[in-house]
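Quick notes on the structure that follows.
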Amino acid sequence: MIRLCNEILPNETSDKFVAVTIGDLGENDRTKIFDIVAAAPPLYRDLFFRFADKINITCTESSGMFLRPGCNLPDGKTISETSQIRLNLVNDRVNPRGAFYTFFHEAAHMIDWYLGQGKSYFTSYTGDLSQELYDSLEMDVRNKLIEIAREKVACPPSKISDSEADDLVIRVVENIIAGERMTRNNVVTAADELQLATGQEMRARLRGNDAPDRNKDNMVNVSSIFEGITNKALRCGCTDNHKPYYWYKKCGRISGAHQREFFANHYAYAMLGNQVALENERQYFPSAIVILDEMINAMRDIALGMGAENDEK
Ligand SMILES: [Zn+2]
């Protein structure tokens with residue numbers, strides 16, 4: 001078959017998706033998910049369809065989880081041939097982030113894993129592009145914190161010089177980025193005071209308190225990355241509580257979770273067409289979103305290539 005445009009069409013693959021064994025998912029949910037996929041932007045839809053036959057859902061009462069093949073479970077068992085998506089379907093149907101948000105978030109991890117071709121998650125290990133994505137996330141977080149710290153240091157008018165104020169702002173922001181948590185009880189110096197005020201203001205904004213149509217449910221990708229870059233120093237309680245060393249390894253190196261979660265949350269919002277959430281991402285991550293877009297296009301190209309190889313066999 002000749003494809004005039006380089007994309008997978010819903011009518012070409014809907015049978016494939018419907019025929020797939022997807023564990024505990026009932027007909028009703030399957031239809032609703034299919035309607036969402038059919039209406040999604042082609043770039044994102046293609047990625048979903050290419051790996052739709054890998055989806056195996058198990059309903060649980062806990063929050064969502066993607067289990068790759070070969071991963072170990074707490075009870076000592078190992079996930080065998082296929083991957084698994086675990087989610088609380090009852091909650092996900094009425095997810096305030098959008099119906100089936102968790103399903104698409106975990107599906108994104110699945111896509112990411114299969115594109116990594118058994119080595120790792122694609123978004124975490126692709127060398128330059130992966131590092132570039134992490135660096136741009138960190139830069140965007142730093143710039144936002146500098147902006148807020150500057151507002152705080154200028155109000156009320158401080159007696160220090162401009163250059164002293166600049167030094168203070170930089171020092172405070174680097175402390176926050178390094179994961180230093182400041183509480184009222186720890187405040188001793190003017191720098192501590194600024195650090196506390198900057199952190200409090202940032203957390204309020206991550207909860208979406210500064211704009212009428214913004215709320216914690218359309219700020220998940222933003223709040224998750226601010227929490228991650230600052231190694232939980234800016235945790236605002238809007239996202240899942242990840243285990244220690246989730247964002248950074250014990251040795252301090254980046255774990256790949258930042259890139260992986262940024263992609264998964266973005267993918268879920270894009271599939272559901274949550275425009276407010278996508279605009280929030282663009283505002284908070286003006287440079288990282290450009291890199292992510294480049295990465296997703298590369299992922300789609302590889303996914304279609306993988307499909308072509310398989311089709312020929
Ligand atoms: Zn995730």
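Laboratory data are not the source of any read-out in this text; all were calculated from the coordinates shown. It should be emphasised that the depicted structure is a prediction, and the values quoted were computed from it without experimental measurement. So basically every Cβ, Gly included, is an ideal-geometry build from the backbone, and we count neighbours across all protein chains shown.
A few remarks follow.
- The order of the peptides 207-216, 228-237, 37-46, 101-110 by mean Cβ neighbours within 10 Å, most packed first, is 101-110, 228-237, 37-46, 207-216.
- Of all DSSP beta bridges in the chain, antiparallel share, percent nearest 5: 60 percent
- Candidates Leu133, Leu196, Leu47, ranked by Gaussian network fluctuation over the chain, Cα under 10 Å, top entry: Leu196
- Each of Arg207 and Arg181 was given a label point 7 Å from its Cα along the Cα-to-Cβ line. The distance between the two points is 1.7 nm.
- FRET efficiency estimate (nearest 0.05) - Cβ-Cβ, Val188 to Ser161, R0 22 angstrom: 0.50
- The lysines within cross-link reach of Lys249, meaning a Cα-to-Cα straight distance under 21 Å and a gap of 8 or more places when in the same chain, are Lys119, Lys232.
- Partners for Lys216 among aspartates and glutamates (Cα-Cα distance below 13 Å; same-chain residues under 8 apart left out): Asp240, Glu281
- Top of Ser163, Ser62, Ser287 by mean-square fluctuation, Gaussian network on the chain, Cα under 10 Å: Ser163
- Directionally averaged projected area (the chain, Cα convex hull): 18.9 nm².
- For the chain, averaging the sequence separation of C-alpha pairs within contact (under 8 Å, six or more residues apart) and dividing by the residue count gives a relative contact order of 19 percent.
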